[in-house]
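Reading through the structure tokens given below for one structure.
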Amino acid sequence: MAANKRLKLFWNRLLQAAPVIVLASLAIFFLMKLLPGDVAITLAGEDISEERLGEIRHMHGLDRPLLYQYASWAWAAMNGDLSKSLLTGQDVGVLIASVYPNTLFIAGYAVLLTILIGVPLGIAAAATAGSAIDRFVSVVSSAGVAVPNFWIGMLLVAAFALERPWFPATGFVSPFTDIRMAIVCATLPAIALSSTGIAEVARQLRTALVEILSTQYVRTLHAKGLSPQAILWKHGLRNTGVTLITIISLIINRTIAMTVVIEYVFAIPGLGSALINATMARDYNIVQGIMLVLVLTVIFINLLSDILCSMIDPRVN
Amino acid sequence: MSSKDFVDLGSGQRINRRDAIRLMAAAGITLSASSVFAQQGQASSMLRIGAYANPTSLDPAASNSSSDNVYFSILYDSLVSLDEESLLPQPGLAKSFRFVDPTTLVMNLVEGVKFQDGTSLDAEAVKFNLERYRDDPASSRRSDLARVKAVDVTSEYEVKLTLDEPDPSVVLFLGGRTGCMVSPKALKEAGGRVDRTPVGVGPWKLVSWADGDRLIFEASTGYWQADLPRSKNLEAIIIADSSARFRALQSGQIDMALQLSSRQLPLLEKNPELVTLSGPSLFVYHFYMNNSRGAMKDPRVRRALSLAIDRDAFVRATMQGGAEPTTQYYPKGHWAYVPALDEAPSYDPQKAKELLAEAGYPDGLELDFRGYSDQESVQRQEVLMNLFNQVGIRGKFTNAPLAEAISKFFGEEKAGDLLLSALPGQPDPLMAYTMIYDEASFYNAGRVAPPAAAAKGMQESRLTQNQDERAAALAQVAVAAIEDGLSIPLAIRFDIIGLSKNVSGFERHLLGTHRFQDVAVSA
């Protein structure tokens, strides 16, 4: 019965996703076209004349009506073809497949650090509410939210790559090539990326736990003689499960977006740096392809989050 | 002492055991020390370069960015080689070249050179390449060979180019991308483009390319220049941000960092583990002008704009020692450098005010300035606007990202009176002046014909192959351009390269097409 309800939830969410994907791709397409700047000028390079610009626009279909351009791209995308880069001619799907795993690895590492550090901090703060530990966690949370993570990244490089060569200052190794070196190279970027997430998880978890621990039924549990540790772990945390999953899913989405700046600072060949370069150069096909993949990623993460929440708390169905 | 206390050396000679042990220890120390020094003297087989951009294409015909030049000098050799300092043409794959008359260029090729796929570089291969550069609709080099009417094979290793009118620039084009020879066999097999599968006659061949990350090369077998390249393997690591590139050099992840910013110059010079190579390039910060708009039509207004700028102060304030002030497009050392322009005063605010008053603007005037939106450009704009204000020229900069700003200033909209921009290097001044001043050029926003003296200089430089005569003719163009205010050169940017102190054999190239075959890294 519960499984049927979850399946129904899954299909509902999937159906809701379809118009979101269409609207998002339309918005991205037309926003890119609205941006001033002519990609034909970039493509012409030094050999530039009005005639050459016209040739280039015709060669790449840029002189066709906008709706025709969108429809061609959308139809091809539905058939798995994200077209080719206007500047390099490279297949956009192949490009994304080569760089997205790098972004996911760094983001995943950062989220893991977020959970491993943020959750214990939040629990410690809630369990000792009002104490020096609680205040310390509060200060750390505020700093984590306020300090830009790219600045933290640069400090980490100065301290642990240049002063003490414990980690590389730049670069990335694929985990499929050498997992140990991949972890070493990704450590400083992941720490920088996780700073905001750690702060948020600690703060939100602390607030949720304190709220639950101050409810009447918890007072009843105390009165019945249950130990504070048992109350915290068996009852308190379980009731914050939905909150925690929701926060983490939001942090995952935001972490993937924040990799844009971190990839630039650490010279990591990821989705973010590919997106920046393509946007500056008006390489529409790459921008559209990457944004479509990011929209699908967010939808997938939200869907997963909803399913997990429904497993933890049947009331969510 | 007993007999076992001695070591028999043969022929009746012997030494005692203790001396033998001491001798062996000394020999061991000497050998190990020499092997350490030998290792220090030995070149590492890997050279790691910090490059600043992912290639747009490894096909010289398809590439549309000058940032690809670093990869072309690794993969391809060209017909003509350009001297590192003067950019005068030297033999390359063409061991000799001469104009037998003003419209006929004959080139004799080095014999026995093979492409990386084993096919021969002969006159037929050269003809194939040049016709492709000229005729392929996707080629970005068509205008370089626009005047080449015919390419003929006169013998196995001799090629004749017939021009429809005199154009000595053709030789210099053949020293750049247009002279890079690509294997015709590879082109045919790849369907006409080798964006990702380059095959040339250069010192290295491509092993792998991970977009946005790195390109790995290995030495070409049978390279036509003996004993080269000195580094058997080369890795170009792409680090777009110059600060990140500098950090990679500091931490030893790369051996060379190309195109560093002037902000890193003080840090480079303080670091004892690094060597700095810094000097003028052909990258010139300047103003493009739209001479068809309002007050800009008056040469006195344009001249006043130039005289209002204290270029020394501008460079000091905005470039931290990474540029030199200039009123021309070529630095000292280049064959087209004009000493007279540097001797004439370039900053005279009083004269600027007088010219404005003569032109009918005694109280100054307001102009529409355009520029780019990056932080360094904005800093330059602030300094320049301050200088203009001092002579009564008012206005503000309307900024945009590069592609958008160029499109608006030069495209259909023709927005703005001046655009603060930069001119990347052109090996021949005639190419640069044609690009900026020719009436039909895209970069002449107002489509205004240059003054007679400039037009005459450009035409005369086309009609002679004599280098001194060309220099004199092009000097007329440079002087007329300043006097008439056709554009306003401001500063020549330095090409700043950081090297690990273990790197040897590298020489900077004025055009930025650095060569790495003589470079080695000691272990």
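The values are calculated or read from the model by the stated rules, or taken from the named source; none is laboratory data. No experiment lies behind these values; they were computed from the predicted model shown. Glycine also receives a Cβ, built like all others from the backbone with ideal geometry; neighbour counts cover every protein chain displayed.
The table below lists the values:
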read-out: Strands (runs of 3 or more DSSP E) contained entirely in the range B:223-307, each with at least 2 residues that are free of Cβ contacts under 8 Å to residues at least 40 places away in the same chain, surrounded by fewer than 17 Cβ atoms within 10 Å (Cβ to Cβ) and not basic (Lys, Arg); value: none
read-out: Residues of the range A:257-280 that turn out to be within 10 Å of chain B (Cβ to nearest Cβ), touching an Asp or Glu at 6+ places or on another chain (Cβ under 6 Å) and of a type in the set (Gly, Ala, Ser), as a count; value: 2
read-out: Criterion (away from chain A (no Cβ under 14 Å) and either closer than 24 Å to A:Ala44 by Cα or touching a Ser or Thr at 6+ places or on another chain (Cβ under 7 Å) (or both)) met by exactly one of B:Gly457, B:Gly498, B:Gly446; value: B:Gly446
read-out: So B:Ser461, is it part of a loop (DSSP other than H, G, I, E, B) and of a type in the set (Ser, Thr, Tyr); value: no
read-out: Of the criteria (1) more than 14 Å from chain B (Cβ to nearest Cβ); (2) hydroxyl-bearing (Ser, Thr, Tyr); (3) surrounded by 17 or more Cβ atoms within 10 Å (Cβ to Cβ), which one A:Thr207 fails; value: (3)
read-out: Residues (away from chain B (no Cβ under 11 Å) and among the hydrophobic types (A, V, I, L, M, F, W, C)) located in the range A:68-90; value: A:Ala71, A:Trp73, A:Ala74, A:Trp75, A:Ala76, A:Ala77, A:Met78, A:Leu82
read-out: Qualifying residue in the range B:303-310 (condition: among the aliphatic types (A, V, I, L, M), closer than 30 Å to A:Phe172 by Cα and modelled with pLDDT of 95 or more); value: no
read-out: B:Arg370 within 14 Å of another protein chain (Cβ to nearest Cβ) and at pLDDT 95 or above; value: yes
read-out: Sole residue being farther than 22 Å from B:Gly512 by Cα and either away from chain A (no Cβ under 14 Å) or in contact (Cβ under 8 Å) with a residue 24 or more places away in the chain (or both), chosen from B:Ala190, B:Ala186; value: B:Ala186
read-out: Residue tally, condition surrounded by 18 or more Cβ atoms within 10 Å (Cβ to Cβ) and at pLDDT below 90, over the range B:409-423; value: 1
read-out: Unmet criterion (only one of (1) in a helix (DSSP H, G or I); (2) polar (S, T, N, Q); (3) more than 14 Å from chain A (Cβ to nearest Cβ)) for B:Ser407; value: (3)
read-out: For A:Phe176: the one exception among (1) under 22 Å from the mean Cα position of the chain (by Cα); (2) part of a helix (DSSP H, G or I); (3) of a type in the set (Phe, Trp, Tyr); value: (2)
read-out: Count of the range B:352-364 residues which are surrounded by 14 or more Cβ atoms within 10 Å (Cβ to Cβ) and modelled with pLDDT of 95 or more; value: 8
read-out: Given (1) out of contact with any helix residue (DSSP H, G or I) (no Cβ under 9 Å at 6 or more places or on another chain); (2) buried (at least 16 other Cβ atoms within 10 Å of the Cβ); (3) without any contact (Cβ under 8 Å) to a residue 24 or more places away in the chain, number of the condition B:Arg316 does not satisfy; value: (2)
read-out: Test for A:Thr88: is it within 32 Å of the chain's Cα centre (by Cα), within 19 Å of B:Arg142 (Cα to Cα), of a type in the set (Ser, Thr, Tyr) and not in a helix (DSSP H, G or I); value: yes
read-out: Test for A:Val242: is it part of a helix (DSSP H, G or I) and in contact with a Cys (Cβ under 6 Å, 6 or more places away or on another chain); value: yes
read-out: Unique match (being touching a residue at least 40 places away in the same chain (Cβ under 8 Å) and in contact with a Pro (Cβ under 6 Å, 6 or more places away or on another chain)) among A:Ile256, A:Ile245, A:Ile262; value: A:Ile262
read-out: Residue in the range A:187-197 that is more than 23 Å from A:Ala125 (Cα to Cα), away from chain B (no Cβ under 14 Å) and not basic (Lys, Arg) present; value: yes
read-out: Residue match in the range B:420-432 (condition: in a helix (DSSP H, G or I), within 29 Å of B:Pro280 (Cα to Cα) and within 13 Å of another protein chain (Cβ to nearest Cβ)); value: yes
read-out: Total residues in the range A:16-67, condition among the hydroxyl-bearing types (Ser, Thr, Tyr) and either free of Cβ contacts under 8 Å to residues at least 12 places away in the same chain or facing another protein chain (nearest Cβ under 7 Å) (or both); value: 2
read-out: Residue tally, condition exposed (fewer than 13 other Cβ atoms within 10 Å of the Cβ) and of a type outside the set (A, V, I, L, M, F, W, C), over the range B:339-351; value: 4
read-out: Flag if B:Glu324 is surrounded by fewer than 22 Cβ atoms within 10 Å (Cβ to Cβ), in a strand (DSSP E or B), within 14 Å of another protein chain (Cβ to nearest Cβ) and not aromatic (Phe, Trp, Tyr); value: no
read-out: Failed criterion for A:Leu232 (all others in (1) out of contact with any Gly (no Cβ under 9 Å at 6 or more places or on another chain); (2) in contact (Cβ under 8 Å) with a residue 60 or more places away in the chain; (3) farther than 24 Å from A:Ser131 by Cα hold); value: (3)
read-out: Those residues of the range B:286-316 which are over 14 Å from B:Leu418 (Cα atoms) and either among the polar types (S, T, N, Q) or under 25 Å from the mean Cα position of the chain (by Cα) (or both), in sequence order; value: B:Arg311, B:Asp312, B:Phe314, B:Val315, B:Arg316
read-out: Failed criterion for B:Ser169 (all others in (1) within 14 Å of chain A (Cβ to nearest Cβ); (2) over 30 Å from B:Glu460 (Cα atoms); (3) of a type in the set (Ser, Thr, Tyr) hold); value: (2)
read-out: Residue within the range A:22-39 that is among the hydrophobic types (A, V, I, L, M, F, W, C), surrounded by 13 or more Cβ atoms within 10 Å (Cβ to Cβ), over 27 Å from the mean Cα position of the chain (by Cα) and part of a helix (DSSP H, G or I) present; value: yes
read-out: First in the range A:287-309 and within 16 Å of A:Ala18 (Cβ to Cβ), second anywhere and among the hydroxyl-bearing types (Ser, Thr, Tyr), Cβ under 6 Å, 6 or more apart; value: A:Leu292/A:Ser25
read-out: Selected residue [within 14 Å of chain A (Cβ to nearest Cβ), of a type outside the set (Asp, Glu), in contact with a Ser or Thr (Cβ under 8 Å, 6 or more places away or on another chain) and under 25 Å from B:Gly92 (Cβ atoms)] from B:Leu258, B:Leu249, B:Leu215; value: B:Leu215
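Condition check ((1) at pLDDT below 90; (2) farther than 24 Å from A:Ile256 by Cβ) across all residues:
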site: A:Phe150; (1), (2): yes, no
site: A:Val173; (1), (2): no, no
site: A:Leu188; (1), (2): no, no
site: A:Ile212; (1), (2): yes, yes
site: A:Trp233; (1), (2): yes, yes
